Every structure is written in structure tokens, then in C-alpha cells.
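Nothing in this text is a laboratory measurement; each read-out follows from the coordinates by a stated rule. The structure presented is a predicted model; accordingly, all values stated were derived computationally and were not measured. Neighbour counts are summed over all protein chains in view; Cβ atoms, including those assigned to glycine, are modelled from backbone coordinates with ideal geometry.
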Amino acid sequence: MSLPKTITIDGPAASGKSTLGKRIADSLGYLFFDTGVMYRAVTWIALSRDIDINMKHLIEQLAEKIDIDVRPTTIDDGRVADILADGEDITWQIRNPEVDAAVSQVSTYPGVRKALSSQQRRIGLRGKVVMVGRDIGTIVLPGAEFKIYLDASVEERAKRRYSECMARGEMVKYKEILESMRRRDQIDSTRDIAPLKPARDAIILDSDRLSADQVYEQSLILMEESTKKISH
Ligand code: DC
């Protein structure tokens, strides 16, 4: 089968996009690129420099200036990539609850979206990439050959995020994660620019009752079917 050059996976927080994306990318020898880390990096740098998250212009300036890099892992601690901001390793800092609580707001700012999505598009158009996010199939790479929209209920997603945090030894409360996730869903799907929604030509997969293995297998079957349709 001729493989799609670019694969996009969009969907809400903790729907399993990164697990699926990494696995597909590894199996095809493609680059895996989780675009959420860029929004998280801007948010973390703003918080660590005591920049008020409500100061839209300052955050937009920061997004334009900051050098975000995603590189192969150098430490074996469960990470899928090293995330660097201006050379500093911030791989785990960007996953903390303060970032979770602020990142959706940061990602509503037009200047932030413009700065980050143009970098994402440049990388995506090189091809051989699995790109994961909220607006990849709709805005960043609308011409991608294969698009998945991975969904799951907010309760299931909060449960997954809770287990991940506990496994890393972080003391978190399920209820707080659930509330934070509901707030993020609301902001991500109702913002004016590039709201979270499936692209018209995306295949929608609900992962609520599926294991990670089943989601992966289903995706490969769907990719094969869609490739056959295109080549006929
Ligand atoms: O996928 P994630 O949870 O790491 O994403 C963090 C936030 O970044 C999410 O709340 C919305 C934003 N985001 C976005 O607006 N567009 C993307 N392509 C990726 C993430």
C-alpha cells in the first residue's frame, strides 16, 4: 500500500492521541510531533518568569521569541522526546498541573497560534510525519492524506490522566483533574480561532471502550481502507 505522507491526529486532552501517534510513527519510521508541547512550553516559560497569563501581548511576544525544540530522548525516564525551551530541558515541567490549568487560555491568543502553527506547518509539509494536536487536520495541515479524530468521554480521559500522574508519583485528586479537563475542553472547543473539532474528512474513533492496542489496530485498518479508496 502507498502510505499517506502526512497523518494528523486531533482530539481532546488525554484521548490517547500521543500514544497512538507515537506508535504509528514508530511503525512507519515517521517523525512523531506532538504540537501540544509547544503551547505548554510557552505557558511554562510565562509561569516561570512570573508573566501574568492574562497579559495577551506579553505572551504573544514570548511565543514569537522563544526557541522550542523537540529532540530524541537523552534520558530514559518514560519521556517520548526531550522538550527544550531556549536550550533548557522542560520535558516534565510542561506536564505540571499549573500548566494544565493555564495552557488552554494561552492557546486562545491569536499571536501565539500564528507563531506556533507556522512552525508546525513548516515541519509537517516536509512529510513522513504524524502530527498530533487540536487543529492539525483542520488548520495546520488541511491537505493531510489521513486524518484521525480520537475522542473519549471526559470521565475516561480524567481517569487516564489521574493514573499517569500517580504512576509518576504525583499526588493528585481525580476530581480536580476532571474539573480541570472539563474547563480545558470548554475553552479548546469554543475559542474563536482554530477550535477543537473534527476535520470534515477525518475518521472519528471513540476510544472509551477500546484498549490502546485496539485503537492502534483499528487505526491501521482504517488507514489501509482509506489508502485503497484514494488509489482507486
Ligand atoms: O494535547 P495537550 O493536552 O498537550 O495540549 C495542551 C493545550 O494546547 C490544549 O489545551 C490546547 C492547546 N493546543 C492547541 O490549541 N492546538 C494544538 N494543535 C495543540 C494543543
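Helix 36-48 versus the longest principal axis of the chain: what angle, 0 to 90°, nearest 10, using Cα atoms?
Helix 36-48 sits at roughly 0 degrees to that axis.
So what's the angle, to the nearest 10 degrees on a 0 to 90 scale, between helix 56-65 and the longest Cα principal axis of the chain?
Around 60 degrees separate the two axes.
What translational diffusion coefficient, to the nearest whole µm²/s, does region 1-66 have by Stokes-Einstein, given a Kirkwood radius computed over alpha-carbon pairs, a temperature of 25 °C and 0.890 mPa s viscosity?
In µm²/s, the coefficient is 173.
For the chain, what is the mean residue ellipticity at 222 nm derived from helices alone (per DSSP H run of n ≥ 4: -39500 (n - 2.57); sum divided by total residues; nearest 500 deg cm²/dmol)?
Value at 222 nm, helices only, nearest 500: -15500 deg cm²/dmol.
Using θ = phi - 60° and the Karplus form 6.51 cos²θ - 1.76 cosθ + 1.60, what ³J(HN,Hα) does each residue of region 16-21 get, whole Hz, x for Gly and Pro?
So the J values, rounded to whole Hz, are x, 4, 5, 4, 5, x.
Where in region 117-156 does the label zone of Ile193 land, with the point 7 angstrom along Cα→C-beta and an amide N cut-off under 20 Å?
Flagged as within label range: 117-125, 132-143.
For labels at Ile123 and Glu98 in the simple 7 Å Cα→Cβ model, what's the distance in nm?
2.5
Identify the trypsin sites (Lys or Arg not before Pro) of region 181-228 meeting these criteria: DSSP loop state and at most 12 other C-beta atoms within 10 Å of the C-beta.
Sparse-neighbourhood loop trypsin sites (Lys or Arg not before Pro): Arg200, Arg209.
Can you pull out the trypsin sites (Lys or Arg not before Pro) in region 7-53 whose DSSP state is coil and whose Cβ has at most 11 other Cβ atoms within 10 Å?
Within region 7-53, the qualifying trypsin sites (Lys or Arg not before Pro) (loop, at most 11 other Cβ atoms within 10 Å) are Arg49.
Counting other C-beta atoms within 10 Å, which of Ser211, Ser189 has the fewest, and how do the rest follow?
Ser211, Ser189
With a Cα-only, solvent-free Debye model of the chain, what are the log10 I(q)/I(0) values at q = 0.13, 0.15 Å⁻¹?
Log10 of I(q)/I(0), two decimals: -0.76, -1.04.
Which of Pro198, Pro72, Pro97 moves the most in a Gaussian network model of the chain with Cα springs under 10 Å?
Maximum fluctuation in the GNM of the chain, among the listed residues, is at Pro72.
Between Asn54 and Asp185, how high is the FRET efficiency from 1/(1 + (r/R0)^6) when r is the Cβ-Cβ distance and R₀ = 30 Å? Nearest 0.05.
Given R0 = 30 Å and the Cβ-Cβ separation, E is 0.90.
Rounded to the nearest 20 debye, what is the charge dipole size of region 116-204 about its Cα centre when +1 sits on each Lys and Arg Cβ and -1 on each Asp and Glu Cβ?
For this selection, approximately 220 debye.
Could you work out how far the C-alpha centroid of region 79-130 sits from that of region 144-172, in angstrom?
Taking the Cα centre of region 144-172 as reference, the centre of region 79-130 is 17 Å away.
State the extension gain, in nm to one decimal, for the chain segment bounded by Leu84 and Leu31, taking 0.36 nm per residue of separation less the distance between their alpha-carbons.
17.4 nm
Starting from the Cα of Lys114, step 7 Å toward the Cβ, then list every residue of region 186-229 with an amide N under 19 Å from that point.
191-195
May I ask you to list the lysines whose Cα is less than 17 Å away from that of Lys22, ignoring any residue fewer than eight positions away on the same chain?
Lys5, Lys128, Lys147
Going 7 Å from the Cα of Glu64 in the Cα-to-Cβ direction, what parts of region 99-116 have a backbone nitrogen less than 16 Å from that spot?
Only 109-116 fall inside the zone, counting backbone N under 16 Å.
Exactly which GluC sites (Glu not before Pro) in region 143-232 are in a DSSP loop and have at most 13 other Cβ atoms within 10 Å?
Glu170
By how many degrees, 0 to 90 and rounded to 10, does the Cα axis of helix 97-106 deviate from the longest principal axis of the chain?
Rounded to the nearest ten degrees, it is 80.
Have a look at Ile139, Ile75, Ile53 and tell me which one the Gaussian network model of the chain (Cα, springs below 10 Å) gives the largest fluctuation.
Sorting by GNM fluctuation, first place goes to Ile75.
Would you mind ranking Leu150, Leu62 so that the residue whose beta carbon has the fewest other beta carbons within 10 Å leads the list?
Exposure proxy ranking, most exposed first: Leu62, Leu150.
How do Met55, Met131 line up, fewest other C-beta atoms within 10 Å first?
Least to most surrounded, the residues fall as Met55, Met131.
Taking the Cα centre as origin and putting +1 on Lys and Arg beta-carbons and -1 on Asp and Glu beta-carbons, what dipole magnitude results for region 110-166, to the nearest 20 debye?
320
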